[in-house]
Amino acid sequence: MLYLAGFCRKKTEGWEATVVTEHASGCVGEIHHRTPLILSGENLRQWLYDEALARQFLEEAKERVLLKRKKMEGETL
């Protein structure tokens, strides 16, 4: 089983979800320039239930993670 890092939020018209991606390497890089950020079973619980640790996980992975996002009105990144 694979656990992919992502975000979701409920909007008026339904749910919106985004999968966090990173630069692909090895044989995957030959097919596409990015791949989902895969969480270990240990990181999964932290990702889901501990915002501070999830932020730390993203900070440590920031060199690998591809961030393409527009800032929405009234929101901080």
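Residues are listed down the side, and each one gets a yes or a no for (1) exposed (fewer than 12 other Cβ atoms within 10 Å of the Cβ); (2) within 13 Å of the chain's Cα centre (by Cα); (3) in contact (Cβ under 8 Å) with a residue 40 or more places away in the chain:
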residue	(1), (2), (3)
VAL20	no, yes, yes
LEU44	no, yes, yes
TYR49	yes, no, no
GLU60	yes, yes, no
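Checking each residue of the stretch 34-50 against the condition of being among the aromatic types (Phe, Trp, Tyr), more than 14 Å from LEU2 (Cβ to Cβ) and modelled with pLDDT under 85 gives no match. Of the residues screened, GLN56 is one that is over 21 Å from MET1 (Cα atoms) and modelled with pLDDT of 80 or more.
The values are calculated or read from the model by the stated rules, or taken from the named source; none is laboratory data. These figures come from a predicted structure and were not determined experimentally. Because the Cβ atoms are built from the backbone with ideal geometry, glycine has one as well, and the counts that use them run over all protein chains shown.
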